[in-house]
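All remarks here apply to the structure that follows.
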Amino acid sequence: MEEKDIDIVEKNDQKEQKEEFHIEKYNFKSWIKSFIVGIGIGLGIILPGVSGSAFAIIFKVYDKLLYAVSNLLKHFIKCFIYIFPMFIGAVFGFIVGFFTIQNFIDSYMFIICASFGGLMLGATPSIFEEIKGEKITIKRVVFSIIGFIFPLLISVVFANVGGLDTTNLFDTFPFYIHIFAFLAGILIAATQIIPGLSATVLLMSIGFFKPMMNAVHFSTLSEKPIWILFFVIFVIGFIVGFISLSKSISYLLENKKVPMYFLISGLTVGCAVTVFYNTDIKAVYDLWMIGEGNITRDLSIGIPLFFVLMIVAYLLYRVTKKHNANHN
């Protein structure tokens with residue numbers, strides 16, 4: 001066998017080993033672990049301040065999940081088997097999170113945002129762990145700053161520029177709102193792939209979150225069936241975005257991991273801050289300014305919950321990190 005042929009065989013062997021690393025066989029314990037991670041991802045889609053991908057990083061399955069999604073068509077059976085328990089968990093988590101938020105969003109918006117802002121900040125060490133010990137350069141700092149500013153800029157612009165108030169669009173449903181639905185679906189898919197981005201915070205920033213939450217009622221869907229078309233297009237955008245972006249993000253994390261995680265670290269902190277300033281939460285602040293709402297209740301419950309849940313999320317990170325270290 002020639003030297004060139006040997007090199008090709010070695011490269012193929014390395015490739016197969018890499019695939020085996022990413023697509024592992026389940027036992028009962030690892031299946032349950034993946035199901036729990038799926039619940040976290042499902043909650044991350046709907047709960048303010050929670051990032052499903054950050055949850056996957058804490059449990060050390062992020063790179064494997066990303067690989068499985070991006071190679072679903074190429075290695076369908078292996079990838080589907082690996083993704084399945086997370087998918088079931090994600091559906092369960094989404095449903096639980098959705099109806100929890102839907103029942104409390106109108107009366108307890110600030111408390112909800114404060115709670116999940118604390119959870120998100122408490123989980124940030126899992127992101128910073130990926131760049132621990134890396135050299136700090138001007139380029140990497142710039143990436144972090146860009147990541148931090150991006151979600152804040154979206155929130156500030158949509159919350160303060162009158163012409164960009166999208167909430168009124170749901171009263172008239174102009175034809176172009178379905179284009180927004182498709183694009184919003186793609187953006188939400190990106191939040192489930194890129195750690196640190198929160199789907200709900202992004203929807204809040206552009207004014208879509210509360211109208212979409214309140215629309216999922218039989219009476220609303222009966223009176224305005226056009227909402228069904230909106231949700232269908234939104235889901236299509238999510239699926240297209242998730243499949244198309246997974247491979248790109250997987251490539252960047254594999255080949256440009258350190259710069260990407262500097263960017264992601266900025267996004268994480270920026271999204272946590274954005275929880276407290278977006279189109280929906282600004283409406284609560286406006287009520288406080290004119291003496292309406294319930295500022296005493298909101299602050300006395302919301303602020304303590306922020307700190308308590310931040311500590312809980314951090315302790316979860318520490319326990320999981322210790323558990324992973326003991327099993328490596």
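Using the structure shown, decide if residue 309 is over 20 Å from residue 192 (Cα atoms), in a helix (DSSP H, G or I) and open to solvent by 60 Å² or more (accessible area, probe 1.4 Å). Before the answer, list the steps.
On the way: over 20 Å from residue 192 (Cα atoms): yes; in a helix (DSSP H, G or I): yes; open to solvent by 60 Å² or more (accessible area, probe 1.4 Å): no.
Here the answer is no, as residue 309 does not meet what is asked.
Return the residue satisfying two criteria in turn: it lies in the range 100-125 and is open to solvent by 40 Å² or more (accessible area, probe 1.4 Å) and in a helix (DSSP H, G or I), and of such residues it is modelled with the highest pLDDT.
Restricting attention to the range 100-125, the residues satisfying the condition of being open to solvent by 40 Å² or more (accessible area, probe 1.4 Å) are 100, 103-104, 106-108, 119, 121.
So of that shortlist, the ones also in a helix (DSSP H, G or I) come out as 100, 103-104, 119, 121.
Values: 100: 75, 103: 74, 104: 77, 119: 78, 121: 82.
Looking at the filtered set, the residue picked out is 121.
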Long-range neighbours under 6 Å by Cβ, at least six apart or interchain, first residue closer than 18 Å to residue 292 by Cβ within the range 104-127, second open to solvent by 40 Å² or more (accessible area, probe 1.4 Å): 111/301
Suppose we filter the range 249-293 for residues that are assigned to a helix (DSSP H, G or I), at pLDDT below 85, over 15 Å from residue 148 (Cβ atoms) and not aromatic (Phe, Trp, Tyr); how many remain? 12
When restricted to 206, 186, the only residue under 24 Å from residue 66 (Cα atoms) and open to solvent by 20 Å² or more (accessible area, probe 1.4 Å) is 186
Go through (1) buried (at least 16 other Cβ atoms within 10 Å of the Cβ); (2) over 25 Å from residue 314 (Cα atoms) and name the single condition residue 80 misses. (1)
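Which ranges mark the helices (runs of 4 or more DSSP H) fully within the range 175-248 that have 2 or more residues being among the polar types (S, T, N, Q)? Steps first, answer last, please.
On the way: elements: 177-193, 199-205, 209-215, 218-223.
Where helices (runs of 4 or more DSSP H) fall fully within the range 175-248 and carry at least 2 residues being among the polar types (S, T, N, Q), they are 177-193, 199-205, 218-223.
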For residue 72, the lone unmet condition from (1) open to solvent by less than 20 Å² (accessible area, probe 1.4 Å); (2) modelled with pLDDT under 80; (3) not basic (Lys, Arg) is (1)
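Would you point out the residue of the range 83-99, among those that are of a type in the set (Phe, Trp, Tyr) and touching a residue at least 24 places away in the same chain (Cβ under 8 Å), that is least open to solvent (accessible area, probe 1.4 Å)?
Kept after step one, since they are of a type in the set (Phe, Trp, Tyr), are these residues of the range 83-99: 84, 87, 92, 94, 98-99.
Checking which are touching a residue at least 24 places away in the same chain (Cβ under 8 Å) leaves us with 87, 92, 94, 98.
Values: 87: 119, 92: 110, 94: 74, 98: 19 Å².
In this case the residue turns out to be 98.
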Residue pairs within 7 Å by beta carbon, gap of at least six or interchain, first lying in the range 207-233 and under 22 Å from residue 284 (Cα atoms), second assigned to a loop (DSSP other than H, G, I, E, B) and open to solvent by less than 30 Å² (accessible area, probe 1.4 Å), listed first then second, are 207/166; 208/166; 210/105; 213/105
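For residues that are among the β-branched types (Val, Ile, Thr) and part of a helix (DSSP H, G or I), scanning just the range 126-152, find the one that is farthest from residue 316 (Cα to Cα). Give the derivation first.
Pass one, the range 126-152, residues among the β-branched types (Val, Ile, Thr): 127, 131, 136-138, 141-142, 145-146, 149.
Then keep just the ones that are part of a helix (DSSP H, G or I); that gives 127, 131, 138, 141-142, 145-146, 149.
Details: 127: 14, 131: 20, 138: 32, 141: 28, 142: 30, 145: 27, 146: 28, 149: 28 Å.
So the residue we want is 138.
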What tally of residues in the range 258-288 results from selecting those that are more than 24 Å from residue 105 (Cβ to Cβ) and among the aromatic types (Phe, Trp, Tyr)? 2
Tell me, please, whether a residue that is closer than 19 Å to residue 267 by Cβ and either open to solvent by less than 30 Å² (accessible area, probe 1.4 Å) or within 13 Å of the chain's Cα centre (by Cα) (or both) can be found in the range 212-233. no
Checklist (1) in contact with a Ser or Thr (Cβ under 9 Å, 6 or more places away or on another chain); (2) among the polar types (S, T, N, Q); (3) within 23 Å of residue 283 (Cβ to Cβ) applied to residue 115, failing item: (1)
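If a residue must be open to solvent by less than 30 Å² (accessible area, probe 1.4 Å), modelled with pLDDT of 85 or more and more than 17 Å from the chain's Cα centre (by Cα), how many such residues does the range 126-156 contain? Don't jump to the end; show me each part of the working.
To start, the set of residues in the range 126-156 that are open to solvent by less than 30 Å² (accessible area, probe 1.4 Å) comprises 126-127, 131, 144, 147, 151, 155.
Those still in the list that are modelled with pLDDT of 85 or more too: 144, 147.
From what is left, the residues that are more than 17 Å from the chain's Cα centre (by Cα) are 144.
Looking only at that region, the number is 1.
The values are calculated or read from the model by the stated rules, or taken from the named source; none is laboratory data. Since we're looking at a predicted model, the values are computed, not measured. Methodologically, a virtual Cβ is constructed for each residue, glycine included, from the backbone with ideal geometry; neighbour enumeration extends over all protein chains shown. Please note that ligands, DNA and RNA were not included when accessible areas were found on the heavy atoms of the full protein model with its side chains. Shrake-Rupley method; radii C 1.70, N 1.55, O 1.52, S 1.80 Å.
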